[in-house]
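Everything on this sheet refers to the single structure shown next.
The values are calculated or read from the model by the stated rules, or taken from the named source; none is laboratory data. Predicted model only: the values in this text are computed from it and were never measured. Methodologically, a virtual Cβ is constructed for each residue, glycine included, from the backbone with ideal geometry; neighbour enumeration extends over all protein chains shown.
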Amino acid sequence: MSHSAELLKQLRIERQSAPPPSRRWLWGVALLVLAAAAVAGFFWYRAQTAAIAVETAIAQPLDNPASSSSASVLDASGYVVARRMATVSAKVPGRVLEVLIEEGQQVSEGQVLARLDPVDAAQHQALARAQLAASQSQLAGLETQLREAEANASRYRELAGQQLASRAQYEAAQTQRDTLRAQLASQRRQNEVSQRQLAIANQGLDNTVVRAPFAGVVIAKAAQPGEIVSPMAAGGGFTRTGIGTIVDMDSLEVEVDVNEAHIGRVAPGMPVEAILNAYPDWRIPAEVIAIIPTADRSKATVKVRIRLNVRDTRIVPDMGVKVSFLEKPATPDSPRREGVLLPESALRKDGEAAYVFRVDGEQRVHKVPVQTAATSGAGHIHVSQGLAAGDTVVLNAPAGLEDGMKIQSPR
């Protein structure tokens, strides 16, 4: 019996439970998850509330005159040129005595620009003046002799009529008178020659003074005192051919080369908008003067002359310029075109679809699909649908800008 009880005691299961495992690692994991969620929420909130600095523009009404509403039919590039530009030189060769101009100086027509050494010309003038004085002295002597000869001939005519002088004496007096008349006529012609020689000598002296042929601005000073100048190039390369270069700033215009395939879009009197490369924000009104009736075979282009309707000291020769040939301005009877005008930098592409980022009153952006009609020149685009006049859009949208983000605009 005791043996059976011992066996049953061995088979009995002890119901005292083992100590439970530690739960501290579970609390650590929970705390890490909560911290990660808080950090993610913080960055999500910051991304939603942080303002991205962008540049914006306002959609302009298409028919607003201040928004360059005339559509561009053709764009081209060229240079500012002067129709009146001259390299001024002396008429005669000589040594430069003084130069009275500097680059950038305004000069008037006839103003003295330089003087040459007048020694040779002055000597020629003095010789011509002396020759004229001698000729005039001889002329005065012959006139006196002729008056005396005419009086003698008249007196001998009366004496011969009274038989108080011979016929031979009368004829001799007539011959002397006629001879003096011929000498006087010859001397008068010689006197005229002397006067003309003096005039030539005076002109030669005046040619040593270099004057401005027209009013303008000096853009180059080519000679210095002491140098030899000549109206024609001389051998050796040591002789200057000019004193300076003058440009008539009122004659500035633009010349552009237009592809001959598109020249049919251009016509005289057509409005043009010109933008100098040096001043890209300055739009200069202009118009077509003429189309030069010849083509450049090597470049397949035709030259077009354009008049600038603004005179400004910032416009100088040889400046690069971009021009847009515009449509004729709309008349009051013309139908009003729908849509707005935007800078081309506001337009974004998603495959074939176009969109812009429109800014709402809370400075958040919204992706708005738009439809475009045509390029309107000067970097603008005609948006026919999707926007209204006065809407603010983002220019040059930065990478990562998405719908709903907050932006900061300098406007």
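Do you know which of the residues in the stretch 305-326 that are surrounded by fewer than 17 Cβ atoms within 10 Å (Cβ to Cβ) and in a strand (DSSP E or B) is nearest to the chain's Cα centre (by Cα)? Across the stretch 305-326, the extreme among qualifying residues is Gly320. Just give me the residues in the stretch 194-215 being part of a strand (DSSP E or B) and either buried (at least 16 other Cβ atoms within 10 Å of the Cβ) or aliphatic (A, V, I, L, M) (or both), in sequence order. Of everything in the stretch 194-215, those that are part of a strand (DSSP E or B) and either buried (at least 16 other Cβ atoms within 10 Å of the Cβ) or aliphatic (A, V, I, L, M) (or both) turn out to be Val209, Val210.
So which of Arg211, Arg181 ends up being over 30 Å from Val316 (Cβ atoms) and basic (Lys, Arg)?
Working: Arg211 fails: over 30 Å from Val316 (Cβ atoms).
The conditions single out Arg181.
When we screen Pro335, Pro329 for residues that are surrounded by fewer than 12 Cβ atoms within 10 Å (Cβ to Cβ), modelled with pLDDT under 90 and in contact with a Pro (Cβ under 9 Å, 6 or more places away or on another chain), the only hit is Pro329.
For the stretch 155-183, taking the residues that are in contact (Cβ under 8 Å) with a residue 24 or more places away in the chain and farther than 26 Å from Ser194 by Cα, the one that is surrounded by the most Cβ atoms within 10 Å (Cβ to Cβ) is identified as Ala173.
If the condition is being under 30 Å from Val88 (Cα atoms) and among the acidic types (Asp, Glu), then the stretch 107-159 contributes Glu109, Asp117, Asp120. Residues that are among the acidic types (Asp, Glu), more than 28 Å from Met249 (Cα to Cα) and in contact (Cβ under 8 Å) with a residue 24 or more places away in the chain within the stretch 97-154 comprise Asp117, Asp120, Glu143, Glu150, listed in sequence order. Looking only at the stretch 246-304, residues that are touching a helix residue (DSSP H, G or I) at 6+ places or on another chain (Cβ under 8 Å) and either in a loop (DSSP other than H, G, I, E, B) or loosely packed, with under 12 Cβ neighbours inside 10 Å (or both) come to 0 in all.
Consider Ile200 carefully, then state whether it is out of contact with any helix residue (DSSP H, G or I) (no Cβ under 8 Å at 6 or more places or on another chain) and either under 29 Å from Thr313 (Cβ atoms) or touching a residue at least 24 places away in the same chain (Cβ under 8 Å) (or both). Can you show your working first?
Details: out of contact with any helix residue (DSSP H, G or I) (no Cβ under 8 Å at 6 or more places or on another chain): no; either under 29 Å from Thr313 (Cβ atoms) or touching a residue at least 24 places away in the same chain (Cβ under 8 Å) (or both): yes.
Spelling it out, it is not the case that Ile200 is out of contact with any helix residue (DSSP H, G or I) (no Cβ under 8 Å at 6 or more places or on another chain) and either under 29 Å from Thr313 (Cβ atoms) or touching a residue at least 24 places away in the same chain (Cβ under 8 Å) (or both).
Got a number for residues in the stretch 105-149 being surrounded by 13 or more Cβ atoms within 10 Å (Cβ to Cβ) and touching a strand residue (DSSP E or B) at 6+ places or on another chain (Cβ under 9 Å)? Looking only at that region, the number is 12. Test of understanding: among Met319, Met232, Met249, which residue is under 30 Å from Ser108 (Cα atoms) and modelled with pLDDT under 90? Answer to the selection: Met232.
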